[in-house]
Every structure is written in structure tokens, then in C-alpha cells.
Amino acid sequence: MELLVATAIGILTAGGIYLVLRLRTFPVILGVSLLTYAVNVFLFASGRLTIGASPILIDGVETYTDPLPQALVLTAIVISFGMTAVVVMIALGAYLGSNDDHVDDPDDAALAAEDAK
Amino acid sequence: MRGELSSDSKHLAPTNGKFVSLFIIVALPFLGALLPGLMNPAGRQACGGVTFMVSLTAFIGLMTNAPAVFAGEVVQVGFNWIPSLGLNFTLMLDPLGFFFAGLILGVGLLIIAYARHYLARSDNMGEFFTYLLLFQGAMVGIVLSDNILLLLIFWELTSLSSFLLIGYWKHLPEGRQGARMALTVTGMGGLAMIGGMLILGQIVGSYDLSVILENRELIQADPLYVPALILILLGCFTKSAQFPFHFWLPHAMAAPTPVSAYLHSATMVKAGIFLMARMWPVLSGTPEWFVIVTGAGLITMVLGAVIALFKHDLKALLAFSTVSHLGLITMLLGTGTAFGALAAMFHILNHATFKAALFMSAGIIDHEAHTRDIRRLGGLRTLMPITFVIATIGALSMAGIPFLNGFLSKEMMLEEAYHTVLFDNHWLVPALAVFGSLFSAAYCFRLIKHTFLGPVRHDYPSKPHDPPFGLWLPPAFLIVLVVGIGVAPFLVEPFVKLVASAMIGGVYEMPDVHFKIWHGLVPALYMSIAAVVGGLVVLAIYRPLLSAWDAAPRPEAKVIFEGLIEAVVAIARRIIHSMHDGAFTRYAAIMTITVIAVGYHAWSTGAVGEATRTMQPVTPIAVAGWLMLVTATAAMMFLHRNRLLSLILIGIVGLMVSVGFVFFSAPDLAMTQITVEVVTIILLLLALNFLPNRTPKESTVLRRTSDAVIALAGGLAITALSYHYLLRVAVVTPLSEFHLANSYKGGGGTNVVNVILVDFRGFDTYGEIIVLGIAALLIYALTEALLNGPVRARLLNRKPDQPRAGDMHPMMMVVLTRVLMPVVMMVGFYIYLRGHNEPGGGFIAGLIVSIGVVMQYMASGFSWASARLRYPYHGVIGAGVLIAGLTGIGSWFAGKPFMTTAFGYFRIPPFDKFELATAMAFDLGVFLAVVGAVMLSLESFSRLARRAHMPEVDEPMDIDPSRDEQPADDAAKRGA
């Protein structure tokens, strides 16, 4: 089971990295979302994997999973929504302003080429 | 540190409230700096008045300390600020500090009164006085600091606030350039000085001035003495405009005249002098000190005097004369004798009085005649008699004419120069001193002759006349001092001697000299006479001298400075642009590779412990979920160009992650994830409405392959890390043991995750809802910016790129969402209520309710839904944060720490017993903040979608059977 989770995290990360390296804003945002999943699952898994032991206290039950990473990840999920929304808004503003959704800034590249001369 | 201070009790005066604490004196200008800005609407009089009162209060506060200072006590107050760095907030008031603080605050008062009348109506007076008070506070801080690190902080503050003051007239390019130049030069000097001070602190082992000043031998014997000395002197020389850093001061003259008068007579440029004086006991007396300080002082004095003679701008002339006089003082400090120190202190006092008066006179002339160019002036004697008297006495004092205070200190300077031997040459210093004084006398005479004497002209830019008394009273007051000290020097003699002996700190005995006008026929008198007569001769042959000067080639400091800056900028640009070429994807790749490489290094050099956990068996359901997640992710890599499809795929990924959370005993997470998933997808869909639907193929195969390699390497690394991590126990007793044990007992809830959120880590959660609210407000602000900018027209005239549905708000959907709304609200409420004991809580309930509201927007249209919105979402966010915060504060009243939960069990017949906890109120805050933030974000996006050719319909349904007629007819009917 641990191997499954580990590979899932790895594949999410790989997918995230690949999309982050794309040239347009939309795939980059999706890539960041994938990375968010990977990070959240990794954080959650730092409480180690437990099946059928929710951290809801019941009389007589002794084993519970680690609730702390869950609490941390819960807020992380909500915050990451906020961050995604901000990034999307910025991307949208940039696109609407310049009719261009490239991630790279050609102006800087041109300046660099000028300097290299 | 306190202990050490008090053990040194011979220095300590009891701070029993007999006098105003030094803290208040330093803090007053800073706190007062808020007032002028606030008083701005109340008018100029109020604005100037409040500034004056602030300075006056600080000045009086300082004066209440005078008895202690004159009694020989050193007033000290302080507390440990950052003891681990040796940074203590300790202040000390000795005669030297008292002298400078008195100058700063006293001249400050006159300048404030003067500036009130000087500034034009179009100038923002509140802003000006705010800067001025900031500067004043920083200066007072410098002279009262007992800790050199604290002193450095104030030092930098003076650089910054003087930048604001010099560049106050932002519309003038000279003002901006002058301010930048001053900041660059003094800032660089300050940087050097930080280094020097740190070395000094290291040598002594303490950053407290009172300790450092007692370790002269230790410091001068240290091999790092010379580097420390040079670095500190760099700071002093740049600040006090000593050669070769003198060039910034004349350019700073672009500032309003009150600023010039304040910064360049009594304060800013004296800061460097003050520091040299402060450090004098430990740094002076060595050959290095002597050669550097005296040498730089001499050169500056002569150079400044010569240049000043040929300047036509009154303020430029005064600026270079200031440079020259600062050189004079520096030279005196450099000689390292007690007599030199005494002369330096005396000249600081005298220079502050006559130079401030002269600057203010120049300001008056500029104010009234609308020009400061000496060539366009002349004959003002009869037109501006009061200004004439003030300026003439000031200038004669500066020239060194008897019965004025400048004569006395200049005489002492010549006396000291006569005895100073530089480079084994008995003639060098005296000759240069006379030469400098000669030119000094010459430019003073020129100032008087070319401005005031001569025939009245008829081509002044504006008809000059004496200003109202508000402008001439402050300089007149100073001129009274100039004459008073000049005629009766014995009045200030004890005070100056006290200051000088505090400055030399017991290194030497104070010589038994007296300030007198007549010392007999001493060499200094002959030198003085030679200088004055020479000055008159130079003025007589001024015209040929000027043409010779204009013809002579000479380096222009500004050009050199700008060339230097440009070279540095070019180098910086070359380095930065070769690394930052604007390709963000490249930065991302570089960062990923670096992280992987560093991780690999750690992996290959570290050791991996034995696995302590056994692998759990794999179930078929888990494999199925894993397969779906992996397939969706992999499919995204190949299909991501179709953006809508990739949204569906990422939805699958999110769903599988939620299922995974349920599977691994995290019901709360699963509920959060799935609800967030819904709003995120709606958000991305809204965004996709504006963005192109497809990503074009742009990158080369090679590029994609290399990206894939990086991605796979990253994925592999994370897999390996997670796998090893999951099979080992990192901590034997996890923190959450405590949470599990105390959740019910202390927090009153059985859902430990929720209790952690609202209780154990409530402060954390509180911060997070604030961040969420800020993010939503940011989105709102960005939307507003877009809608008010040039994008607006584009948005309004946008043509849809795909065919629109004929029925945008289908009846079925409208009806269904309305039926669902109460159900959703009830579910939300239920989830919220049970959160403390069962999976649920404010976060999840907030998301659920948001989805319910969003459904109304989607089904019935934006305008219909927002017309029924009773509370703005900003307010909802604010209410949430407030409720959560107030709940937390509530526990203070019970004498508990912030955010302690209280709970109890209640029973209202016929219902079952139920629990009420303050945590519920906190969770309500969380709930509201989440609803507000989510809705504000989504609403902002939707607002972008409104278009010009789409009429705003108030009706929820496009086709409504209950409506007989078309909306347009309906409206017409209602109108009739």
C-alpha cells in the first residue's frame, strides 16, 4: 500500500513538473494544481497510512490515525484554492491586457540578447 | 546588560522622574511625525504649529536634563532589545550629546518657524513637516545612542529621511538627482561604517559606547584598528562631505531652503563630525588618524573655499563654504590635541549659528527676488535692509571679523594650525590654513558686495523687498547669538569646555585657555589679518580671477559620479540579464534540477535506517483508485492542449485524492477536498471562458523530451523519498498523542481534527482565514483594476468564440437549484453543527454553502443573483474574521490565554442533551470567512463575463411559462 501511495505522489509530481515547464499560463496553473495535490498527499502521509481508524474519538477504541497532519492539510487545501484563484486572476489579467498568455517575458529576453552583443 | 550598566554607577544618574526620559525625547519627533500629515487639512498654520510644538516639547524635555548634565552626570536609560546580537536600546546623555541634541532641536525650532512661511501654498506642508520630524528624530537618536548598533540604525534613518527631504520637490529633476546622489554617497558610507563598527564591537566585545570608549589601548593595539578606522571614517567623510566625497552636498541644494539650512548647518553634515568627536577618545592620536583626518580636512577646507568663491548661485556658494568649514572642523579633530578639540566644538556652535542664518537669508532673497544668481542681484542693501543686516553680519562672522563669533573659533583654528606639523613640514598646515581662510574671507566679502552693495538694478525677476517677520525672525535670532558670542565669549566658554572635555573623555587634560577677542600679538592674529587683507585683495581682482577659473580645465564631480554609476549599472545589468532572460520556464527548470541535485547529494552521502514499519497489504479497490489517478495524470500529459479536457482529467485526479483520504481514515480531508474541487473547477471554467481553449504546439520535440526527463527525475525522487519516509517512524511519540488525549477533556469535542483546528491550533487557523480573505480581496482588487482599465472595452466588445446556447438559463435548472437551495443550506448547517464531534466543521460547511449559492448564479444569471444578495461578500469575510477574533479575545475575560475553549452541556426539553462550546463561535467565523472568500473570488471572475451586447436580464429564466409576454413588452406594459 505504501508503494502505491508513494508512486501516486511521484506521478503527480512528475506530471506537475512537466506542466509547470510548459509555455502557456493555463497548463502551468494545472501543473501547480497537480503539485499541490502531491504536496498535500505527502504532508498527509507524514502521519503514516492507517486504514479504518478515523480520528473521531469513540469509547473503547484505542487506535487512531495521526490527526495533526490532517488538520494541517485541511487548511492547506482551502488556502491552495485561494492561491490558485489569485494566480488564475493574474494570468487572466495578463492575457486580457496583452492578448498573450505566454509565461516567458520576451522583453527581458531581448534585453539579455542586447547585452550579450 | 542592565546589571553591567548599574554596576558602573559613577556614570549613572538616577532616573527618578525629575527630568524627561531620554526615550521620550527621541520618540517625540517620530511620534510627532504622524501629526503634520493629519493636520494638513486643518491648514498651514495648524500644521506648522503642531510641528513646532512637537519640537518644542522635545527641546524642553532635553533642557530638563540640563542640570544633571551640567553637574557632570551622564544620564542613561535603556533596555535590552536583541541581547543575542549585543543590540541594546540604550541612550546616554553626556555634554557632547546634549550639545548636539540642543543644536538639532534648537535650530530645528527656528527652521520650522521659517519653513512655515517659506513654503508656497502649492507645497504639501504636512508631508514636508513629517519628513522633517522623522529626520529630526533620527538625528537626535544618533547623538543620544549609547549603543553603536542602535546608532547605526539612526544613522541609516537620517540617510533615508534626508533623501525624502532633499527630493521634496519631486517635480524638479535636480531635486531627484540631488536626493539620489546624497542617498548613494551617504548610503555607501553608512555601509562601510557598519563594517567598521562591527569590527570595533568585535575588538572590544561589546557594542555599548560607554564600554568601547574605555578601551583606547585595546582598540589601537589591535591589528584590525586600521581597517576599522578607515571604514568608520568613510562613513563620517561621506556624511560630512569631506574630500573626495564632498560633491554630493552642493547638489543637495536643490532642496527647499529650510532643508538646506537645517541639514547643512546644524544637523546631517554634522553627524559625521559628531561621530568623529564621539569616537575621538578611542580612535584619535595615532599617525593614521592624524594623516587621514587632518589631510582630508585640509584639502576639503581649501578646495571648498576656492570653489565657493566662483559659484554664482547663492546656495551653491554657501554649500561649498559649508564643505570648507566642515573641512576646517575635521582638520581640527584630526590634530588629536585637546586644544584642537576645544576649537572644533566651538566652531561647530559658531558655524551652526551663522550658517543657518546665511542659508535662511539666501532663502529670503530667493523667495523675494525669485533668483539666487549673484550676477543678477546687487543693490539689495536699500531694498531689503533687514535681510542685508542679517546676511552681512553672518557673512562677516564667517569671514572671521572681530566681535563676531566666527572670528574667535577661526583664530583658535589658526593657532592650532600653527602648531601642527604634517609630513615633517612646519609650513604646510599653517600655509594651507591661511590660504583657505583667505578664500573664505574672499567669498564672504563677495557675497556681501555682489548681493547687497552696488547700485539698485531694474531687472530683478521680481521686485525684492523685506519679507514678513516670520521669515526674518529666525535668522535674526541666530544673528543675535552670533554677535552675543562674538562680544562676550566668556558666556559660552564653560559650556563649550564641558562639551570638549566630555568629547576627549579624559584622554588629555583640558588646556587652560580662555575665549578672548584679544590674545595679544600672537601668530594667529597675523595669520588672521593676512587672510582678511588677502580676501579683500582677491575680491578686488575678482574679474580676472573668474575668467582664469572659467578657462581652467577642472573635473566635474557630477560627471565622474554619474559615469561611475553608469559603469556599475552596466556591469549589474550584464550579470543579471545573462541569468534572468525573462524565460520563467527556464528558471523553473533550473530550480527543479537544483533541488533534485541537492536531494541526490543528501541521499548519496547520508545513511538510510532500517525500515521500522511493515508494508500494508494492497487491496483491489486501492489498485483501482490508483490506476484511475495515474491514468488521468498520464492522460493529462498528452491531452493537456485541449484545455477543457484537461479540466475534466484534473477533476478525476481530485476525486481520486478525496477517495484516497477517505480510504486512509481522513473523512474531514475528503470532504474538504471534494468541495474545494468543485469550486476550483468552476473557477477554472470561468477563466477558460476568456482564455484560448487550446494550447498551441510551440515547443520542439527536444524541449519536450528534456522537460519530460526533468519531470520523471523529479517524480522518481519524490517517489523514493515518500516510499522510504512511509516505512519509517520519524518520531517515537508524535505531537498528536497530546491532541488525542486532550481533545475531549480539554476541547470538548470528539473530532480531533476539528478540535485541533478550532482549539489547539486555533491561532493558526485564524491566520489562515485571514490569508484566505486577503487572497479574495486581492482577486477583487485585480478585477476592479481590469474593469477600470483599457481591458474594459475589450471585455465589453468580446465576441464569443463558440456558438451560444439559445436557452442560457434553462427552466429545469433554475427550478431545481432553487429547490435544492434550502436543502444545501440545511446540509451546510448540519455539517457545521456536528463538526466538533463528527467529520465536518466550518471550512467544509462554508464550501458547501458556497456551492449552493454559486448554483444560483449559474442557473439564474449573475444579475438576478446579485440583485438578491443582501450582504456584500467583503463584509462576510470581515464578519467571519471578526467573530473568530472576538471569540479568541473572549477567553481573556475568563482569565485564560487567547483562544481557550469553554464548553458545556445543555438540555432544552423535549430535545436531547446537546453541547455548546465557544469553539462553535470560532468555527462560525471560519465558516463565514470561507463563504465570503470563495464567493468573492468567483463573483469577481463572473463580473468579467458581463458584456455590452448581452442585455442585463433581471429575469431568472430566459423562457418562463408563467410570464405571458416577452420581457421587453412586459416592461412597456408596466411603464404604461
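So how do B:M656, B:M510, B:M825 rank on accessible area, 1.4 Å probe, biggest first, that is with the largest at the start?
B:M825, B:M510, B:M656
Between B:V568 and B:M825, what is the label-point separation in nm under the 7 Å Cα-to-beta-carbon projection?
The answer from the label model is 6.5 nm.
Under the √(5λ) rule applied to the eigenvalues of the Cα gyration tensor, what semi-axes describe the equivalent ellipsoid of region B:323-540? Give them in Å, descending.
33, 19, 13
Treating only the Cα positions of chain A as identical point scatterers, give the base-10 log of I(q)/I(0) from the Debye formula at each q in 0.16 Å⁻¹.
Here the Debye-derived log intensity ratios amount to -0.87.
Between region B:317-366 and region B:406-431, what is the separation of their alpha carbon centroids in Å?
So the two Cα centres are separated by 16 Å.
Is there a simple number for the mean count of other chain Cβ atoms within 10 Å of the Cβ of residues in B:650-663, and what is it?
4
Averaged across B:692-703, how many Cβ atoms of other chains sit within 10 Å of each residue's Cβ atom?
If you average over the peptide's residues, the count of other-chain Cβ atoms is 2.
Pick out, in residue order, every one of the trypsin sites (Lys or Arg not before Pro) in region B:121-180 that is DSSP loop and has at most 15 other C-beta atoms within 10 Å; say none if there are none.
B:R121, B:K170
Under 1.5 on a/c is rounded, so check that first for region B:719-775, then, if it is not, pick prolate when a/b is larger than b/c and oblate when it is not; a ≥ b ≥ c are the square roots of the alpha carbon gyration tensor eigenvalues.
Taking the square roots of the gyration eigenvalues as a ≥ b ≥ c, region B:719-775 is oblate.
Which sequence of B:H171, B:H724 reflects their accessible areas, 1.4 Å probe, from the largest down?
B:H171, B:H724
Per residue and in cubic angstrom, what volume does the convex hull of the Cα atoms of region B:598-646 have?
Taking only Cα atoms, region B:598-646 has a hull volume of 130 Å³ per residue.
What is the average number of partner chain Cβ atoms found within 10 Å of a Cβ in A:50-61?
6
So, taking all protein chains as they sit and a 1.4 Å probe, how much accessible area belongs to B:E737, in Å² rounded to tens?
Its accessible surface works out to 100 Å², give or take rounding.
Probe radius 1.4 Å, ligands and nucleic acids left out: which of B:D581, A:D101 has the largest accessible area, and how do the rest follow?
Order by accessible area, largest first: B:D581, A:D101.
Rounded to whole Å and ordered largest first, report the semi-axes of the equivalent ellipsoid of region B:671-713 derived from its Cα gyration tensor (root of 5λ).
Gyration-tensor ellipsoid for region B:671-713: 30, 19, 4 Å.
Rounding to the nearest 20 debye, state how big the charge dipole of region B:323-540 is about its Cα centre with +1 on each Lys and Arg Cβ and -1 on each Asp and Glu Cβ.
700 debye
Taking only Cα atoms of region B:464-515, what ratio of Rg to Rh do you get with Rh as the Kirkwood inverse-distance radius?
Reported Rg/Rh, Kirkwood definition of Rh: 1.24.
Tell me, what are the semi-axes, in whole angstrom and largest first, of the equivalent ellipsoid of region B:486-550 as set by the roots of 5 times the Cα gyration tensor eigenvalues?
Result for region B:486-550: semi-axes of 37, 16, 12 Å.
Please report, in whole Å³, the volume per residue of the convex hull around the C-alpha atoms of the protein assembly as shown.
Considering the Cα atoms of the protein assembly as shown, their hull volume per residue is 263 Å³.
Quick check: at a probe of 1.4 Å, how many percent of the accessible area of chain B sits on carbon and sulfur atoms?
70 percent
In the full protein assembly as shown, how much of B:R868 is accessible to a 1.4 Å probe, in Å² to the nearest 10?
Near enough 140 Å² of accessible area.
So for chain B, Kirkwood radius off the Cα pairs, Stokes-Einstein at 4 °C and 1.567 mPa s: how many µm² s⁻¹?
Answer, rounded: 37 µm²/s.
What does the C-alpha gyration tensor say about the overall shape of region B:562-714? Classify as rounded when a/c is under 1.5, otherwise prolate if a/b is larger than b/c, or oblate.
Judged from the Cα gyration tensor, region B:562-714 comes out oblate (a/c at least 1.5, b/c at or above a/b).
Tell me, what is the 1.4 Å probe accessible area of B:C236, in Å² to the nearest 10?
0 Å²
Peptides B:220-226, B:637-643: what's the order by average Cβ count within 10 Å, highest mean first?
B:637-643, B:220-226
The values are calculated or read from the model by the stated rules, or taken from the named source; none is laboratory data. A quick note: this is a predicted structure, and the numbers were derived from the prediction, not measured. Here Cβ is always computed from backbone atoms with ideal geometry, including for glycine, and neighbour counts include all displayed protein chains. The area values use the complete protein model at the heavy-atom level, side chains included, leaving out ligands, DNA and RNA. Shrake-Rupley method; radii C 1.70, N 1.55, O 1.52, S 1.80 Å.
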